[in-house]
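The values are calculated or read from the model by the stated rules, or taken from the named source; none is laboratory data. Note that this is a predicted model, so its numbers are computed, not measured. Only protein heavy atoms, including side chains, enter the accessible area calculation; ligands, DNA and RNA are left aside. Shrake-Rupley method; radii C 1.70, N 1.55, O 1.52, S 1.80 Å.
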Amino acid sequence: MEELASALLEIDLDKIRRNTAQVKKICEQQGISVLGVTKGFSAIPQIVAAMVAGGVDGLADARMENIIELRNYGFDQSITLLRIPQLSSVENVVRYTNVSVNSELTVIKALAQVAETLQRQHQIVLMIDVGDLREGVMAENVLTTARQILRLPGVKLIGLGTNMGCFGGVLPSIDNLGLLVELGHIIEKQLGIQIEIISGGGTSTLSLVETHTVPAGVNQLRIGEGILLGTDSTNNRRIPWLCDDAFLLKAEVIELKAKPSVPIGDIGRDAFGNVPQFSDVGIRKRAILALGKQDVIIEGITPVDENLNILGASSDHLIVDATDSAANIHVGDAICFRLNYSGILSASQSKYIARKFNGG
């Protein structure tokens, strides 16, 4: 019997490399470069190496801690900081990244000062809010902001970018990405500089790439979910030309018993302050697994066996209805789960989940 730490995350590095190569190929055919986004799996170096082997044009992460670790591991690719820099971390941003996305002049001025001190030039992608209402300068303020950035030695405005889907759920479109391209042309004409990068979002923009409807001028995408999972959450789809099982989570059965489907007694709140609801469907075969909310976001995992049903979880236990499964499940067996983005995000950070790498 395979020994597990509360659970085991199996990672197929060959599938990640193939997904990366596929994304790179379809984007490259339309003049679009690909940044491999490493934040979704806490920049685990083996996975980053698979992305690099698959041909990404650069790396990108939202956490300076991850970026510093990547540099310490020896990754010398161009790295973009995807979260607007904190004022308190501008020195590390300049030291460890090549590019950062920005929307606040106060922060850009601080980056410029540090870059001058370190005798470096830091590259800026100015984020534009085209509707999702997360980060970004509003369209009417873009030209004024760009003009102010150009006055700052130490930094270079190399591009415009936008974010889609992560807050407001806004989908990329010909119109909103076209606005980004148009703003780039306005800056070039009015200020006499070249905008090298138009960064048109992430995995959700792949649907436009597939249909060849990405506006001309968009030349960079930041891809994480598509490479890792072969899915596109914002568009609620599986991407048919990518592998969707590069990550699998296994957890061990620690109890298997037939029990009523409704608890017996007065119902209060559970350990997390919620009042649970139950339907009476009779006696069911229930498996308890050594996995809980302290290990992974439960809503982010789905049993590979479609006849298994997750009933709920506490901090340390996952309760699964195994009645309808054709598998002959025993105590000590491992149950396998697929993960969505939130599942990988949490599982990759858990000290209670071991990792096993296949391929690479």
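Quote the convex hull volume per residue of the range 293-359, based on C-alpha atoms, as a whole number of Å³. If you can, show how the numbers build up before the last one.
Values: hull volume 7.7 nm³, N = 67.
Per-residue hull volume (Cα only) is 115 Å³.
Match the structure shown to one of the listed values (1) 1.15; (2) 1.05; (3) 0.97 of Rg/Rh (Cα atoms, Kirkwood Rh), computed from it, and give that label.
(2)
Name the residues whose placed amide hydrogens come within less than 5 Å of the amide hydrogen of Arg355, ignoring near sequence neighbours (fewer than 5 apart) on the same chain.
Those qualifying (amide H under 5 Å, at least 5 residues apart or on another chain) are Leu9.
Any chance you could get the radius of gyration and Dmax over the Cα atoms of the range 60-196, in Å?
14.9, 43
What pairs from Lys259/Lys351; Lys15/Lys356; Lys15/Lys250; Lys39/Lys356; Lys24/Lys189 go past 22 Å between their alpha carbons? Walk me through the numbers before you get to the answer.
Details: Lys259/Lys351 32 Å; Lys15/Lys356 14 Å; Lys15/Lys250 18 Å; Lys39/Lys356 19 Å; Lys24/Lys189 31 Å.
Table pairs above 22 Å Cα-Cα are Lys259/Lys351; Lys24/Lys189.
Give the percent of DSSP beta bridges with both residues in the chain that are antiparallel, rounded to the nearest 5. All intermediate terms of the calculation are to be shown ahead of the outcome.
Details: 30 of 64 bridges.
That works out to approximately 45 percent antiparallel.
Quick one: divide the alpha-carbon radius of gyration of the range 117-228 by 2.2 N^0.38 Å and tell me what you get.
Details: Rg = 14.3 Å, N = 112, 2.2 N^0.38 = 13.2 Å.
Against the compact-globule rule of thumb, the ratio is 1.08.
Seen from all sides and averaged, what is the projected area of the convex hull of the Cα atoms in the range 77-152, in nm²? Intermediate values should be presented prior to the final figure.
Numbers: hull surface 20.4 nm².
Average of the hull's projected areas for the range 77-152 equals 5.1 nm².
Take the eigenvalues of the Cα gyration tensor for the range 1-134, scale each by 5, and report the square roots as semi-axes in whole Å, largest first.
Numbers: eigenvalues 173, 73, 43 Å².
One finds semi-axes of 29, 19, 15 Å for the range 1-134.
Roughly how tilted is helix 174-191, in degrees to the nearest 10 and between 0 and 90, from the longest Cα axis of the chain?
Rounded to the nearest ten degrees, it is 30.
For a quick check, take a GNM of the chain with Cα springs below 10 Å and name the residue from Gly282, Gly55, Gly159 with the largest mean-square fluctuation.
Gly282
Using protein chains only and a probe of 1.4 angstrom, how many square angstrom of Leu105 are accessible, to the nearest 10?
Accessible surface of Leu105 is approximately 40 Å².
List, in order, the whole-Hz ³J(HN,Hα) value for each residue of the range 15-26 obtained from phi through the Karplus relation with A = 6.51, B = -1.76, C = 1.60 and θ = phi - 60°; use x for Gly and Pro.
Working through the residues one at a time gives 5, 5, 4, 5, 4, 4, 4, 5, 5, 4, 5, 5 Hz.
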